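Enquirer: So that we are looking at the same thing, I have put the structure below in structure tokens.
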Amino acid sequence: MKSRVIKWIDQRFPFSSFVKHDLTEYPTPRNLSYWWNFGFLAGFVLVLQVATGIFLAMHYKADVTLSFDSIQHIMRDVNFGWLLRYMHSTGASAFFLVIYIHMARTLYYGSYRAPRELMWWTGQGLLLLLMATAFMGYLLPWGQMSFWGATVITNLFRATPFFGDQVVVWLRGDFGVGDATLTRFFALHYLLPFLIIGGVLVHLVALHTVKSSNPSGIDLAAKDNIPFHPYFTIKDFYGLGIFLIVYCIFVFFLPNSLMEPANNIPANPMQTPTHIVPEWYFLPFYAILRSVPNLVGGVVAMGLSVMVFSFMPYLDRSRIPGGAHYRPWYRVMFYLFVVDMLVLGYVGYIPPTDQSIMIGKIATIFYFAQFVLLPFISRKEEQWLIRCGLPPEVETLIASEAKEKNKLPHQRRIGDIK
Amino acid sequence: MKKLIFILVLCCSSFHAGAAESKLEQIQLETDLPAVERGADALMNACHTCHSLKYITYRDLVKFGMDKKKVSDWRGDQPLDTALTSQLSDETAIQSYGIVPPDLSLIAKAREGGPSYVYSYLIGYYITPEGMTGNHVFPETRMPDMMGMSGATDPVQRAELQAKARDIVSFLAWAADPHEEERHKLGYYVIGYLLVLTAMLFVVKNQIWSRLK
């Protein structure tokens, strides 16, 4: 019976071949570490955010006089409304955490290099969409920080040449952030996740064309690739269990630790909070914005600080496989970059003082200096590594994989062919 | 590397500067029914004349398990589903104090420091050398010292007032997050379930991966 149904479907839709190509026979490097779990986790959080968000939208009211009250209605009166909302608010932080780790893994192992540039760029587009979605969603509770955060960020578009002021009004739908802004942010906050889903599909199609990278950085021979299902489905589910434990600790025991206290005060356009801070995931970029004294310069620096990752496939001139794993100089740069991000995040969080502004400026210069110097450092590092000889394990790995490939040319993966 | 150490040292030093500024008295919050009920009692007498709790209804108080007779004394002839609005109109409030007293439903979540802030604020009243009432935590406050903290010099009386403030904070913390207890209870089950599930997934994962040579 089952086979007959599947046969019927297969004549009309490539169901079996899809399962075969993308799951049961999809070749995945067996040496993937747990850092490769985060792509799946990002997909999971996306589904979680869409699911909780749709139910929240059933009870939320996008109207400046009602939105704050409707959130309290969700938190107090709706059955398990508090759970939906805390899952959604914690989910936003979880999404960024997972994505940042996913990006850090790509940077560490050099997974952005050929032939995976399109994966990196679609990922970059997804990051921008995610940031836009999170930013617009943060206005919806209509608390003090929602209002002033949206005011500060939309105001940045004043930096647009020639018609900056008009652009700000066009974005807000009014001269100040108000009802028109709230309703359009709600509409877009509902729309963008579906664009993200579309982008994820493109990201996955690209992935299944070039296949996963792996810690060695070398295209593995057929014998070292194993089917995605069941090996990586179960590994992803185990990783999901760990993720959910951490996530649920925050949802059930620390949900307010991720929220600004000032956002429990209804938005008041007449009263500016003493200290406006964005959510933690925007802090490093916010620190870069504040480190440049001039508005246009700050906005350009902030935009560039996010977009500069796109240039990585060209900035990294080294052909040594395995990313930071086999490249000591690049590894040092990677860790310094992570530390620099944390410093910037801290600078963005505290109220600006002379001292913190100075640290912010140093950290900003350091941030961009790393990208500017990378082409030279990576080229020099490659020459140095070739002169001193690659680590013996890389040499043996390259030799054995090459032998394997010569022996079994008919088992090559598409991505292997040079 | 030197730059890095320099930055770290700077960060640490500025962090300490921030910590020294806060003078909040940290409290261990009591969340049991008697404490919350005592707090509600104190609040209805001292605060409710001017402050509203618009997201809390009398029915919420009864549902939480407070004494029905007490609740009906508080609400008088208003229906059970009435919110705890204040008796002070906005106009009178502005005339007497210059501002509308803030709604207290979320106050325990709306300040940096949460319940500890509210407690420290309530007990933070003192008499300035000029003979005026001041507040250590919120010097610009327009609220008079309703509990009489600034005038209390006797340690026993002070301790009594502090206990009262603690009860009020217990009530306000409940009002700000009425599902907290339910959330924690459910949380233990969920995390317990996830621990078992994850342990089982780990075993299955190892079992499946052991098929590989």
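Enquirer: Tally Lys and Arg at +1 and Asp and Glu at -1 over the other residues with C-beta under 12 Å from the C-beta of B:Arg59: what net charge comes out?
Expert: +1
Enquirer: Could you report chain A's accessible area per residue, 1.4 Å probe, as an integer in Å²?
Expert: 48
Enquirer: Residue by residue through A:259-265, how many Cβ atoms from other chains fall within 10 Å of the Cβ on average?
Expert: Counting Cβ atoms of other protein chains within 10 Å of each residue's Cβ and averaging gives 5.
Enquirer: Using a Gaussian network model of chain A whose springs link C-alpha atoms within less than 10 Å, name the residue from A:Ser89, A:Ser378, A:Ser17 with the highest mean-square fluctuation.
Expert: Maximum fluctuation in the GNM of chain A, among the listed residues, is at A:Ser17.
Enquirer: Counting only C-alpha contacts under 8 Å and six or more residues apart, can you give the relative contact order of chain B as a whole percent?
Expert: 26
Enquirer: So what is the relative contact order of region A:29-416, in percent, for Cα pairs below 8 Å that sit 6 or more residues apart?
Expert: 22
Enquirer: Can you give me the long-range amide H partners of A:Gly143? Hydrogens built in the peptide plane at 1.01 Å from N, cutoff under 5 Å, separation of 5 or more residues or another chain.
Expert: Amide H neighbours of A:Gly143, under 5 Å, 5+ apart: A:Ala267.
Enquirer: For the Cα atoms of chain A, what angle does the longest principal axis make with the long axis of helix A:144-155, in degrees from 0 to 90, nearest 10?
Expert: 70
Enquirer: With a bin width of 10 angstrom, please list the P(r) values of region A:270-383 as percents of all Cα-Cα pairs, from the 0 bin to the one holding the largest distance.
Expert: Using 10 Å bins, I get a P(r) of 14, 41, 28, 14, 3, 1, 0 for region A:270-383.
Enquirer: Please work out how much length the chain gains when fully extended from B:Met132 to B:Gln87, using 0.36 nm per residue of separation minus the C-alpha to C-alpha distance, in nm with one decimal.
Expert: 13.5 nm
Enquirer: Provide the FRET efficiency to the nearest 0.05 for the B:Ser72-A:Asp77 pair, computing r from the beta carbons and using R0 = 22 Å.
Expert: 0.50
Enquirer: Provide the buried accessible surface between chains B and A in square angstrom, both chains summed, 1.4 Å probe, rounded to the nearest 100.
Expert: Rounded to the nearest hundred, the buried surface is 4000 Å².
Enquirer: Hey, if you drop one equal point scatterer on each alpha-carbon of chain A and run the Debye formula without solvent, what base-10 log of I(q)/I(0) do you get at q = 0.14 Å⁻¹?
Expert: For chain A, the Cα-only Debye profile gives -1.36.
Enquirer: Roll a 1.4 Å probe over the protein heavy atoms and report the accessible area of A:His73 in Å², nearest 10.
Expert: We get 70 Å² for A:His73.
Enquirer: Now a separate question. Is it possible to state the helix-based mean residue ellipticity at 222 nm for the protein assembly as shown, with each DSSP H run of 4+ residues giving -39500 (n - 2.57), the sum divided by total residues, to the nearest 500 deg cm²/dmol? What is it?
Expert: Only helices count here, giving -20500 deg cm²/dmol.
Enquirer: Have a look at region A:302-348 and report residues whose accessible surface goes down by 50 Å² or more when the remaining protein chains are included, against the chain on its own, probe 1.4 Å, ligands and DNA/RNA excluded.
Expert: Hits at the 50 Å² cut-off: A:Tyr346.
Enquirer: Which residues of region B:84-109 bury at least 40 Å² of accessible area once all protein chains are present, versus their chain alone (1.4 Å probe)?
Expert: Residues meeting the cut-off: B:Leu106, B:Lys109.
Enquirer: With every protein chain left in place, what is the accessible area per residue of chain B in square angstrom, probe 1.4 Å?
Expert: 58
Enquirer: Now a separate question. In the neighborhood of A:Ser213, defined by Cβ-to-Cβ distances under 10 Å, what is the net charge if each Lys or Arg adds +1 and each Asp or Glu adds -1?
Expert: So the environment of A:Ser213 carries a net charge of +3.
Enquirer: Carbon and sulfur together cover what percent of the accessible area of region B:23-177 at a 1.4 Å probe radius?
Expert: 53
Enquirer: Which residues of region A:204-249 bury at least 50 Å² of accessible area once all protein chains are present, versus their chain alone (1.4 Å probe)?
Expert: Listed in order, they are A:Tyr231, A:Ile234, A:Tyr238, A:Ile245.
Enquirer: Now for a separate question. Ignoring ligands, DNA and RNA, what percent of the accessible area of chain A is carbon or sulfur (1.4 Å)?
Expert: Carbon with sulfur: 71 percent of the solvent-accessible area.
Enquirer: Please list, in chain and number order, the residues 5+ apart from B:Thr85 or on another chain whose amide H is under 5 Å from its amide H, with Hs placed from the backbone.
Expert: Here B:Leu53 satisfy the definition.
Enquirer: Still on this model: Using only Cα atoms, locate the centre of region A:306-333 and the centre of region A:183-198, then give the distance between them in Å, rounded to an integer.
Expert: Cα centres, region A:306-333 to region A:183-198: 34 Å.
The values are calculated or read from the model by the stated rules, or taken from the named source; none is laboratory data. For clarity, every value in this text was computed on a predicted model and none was experimentally measured. Cβ coordinates were reconstructed from backbone atoms using ideal geometry, including for glycine residues, and neighbour counts include every protein chain displayed. With ligands, DNA and RNA removed, areas are computed over all heavy atoms of the protein, side chains included. Shrake-Rupley method; radii C 1.70, N 1.55, O 1.52, S 1.80 Å.
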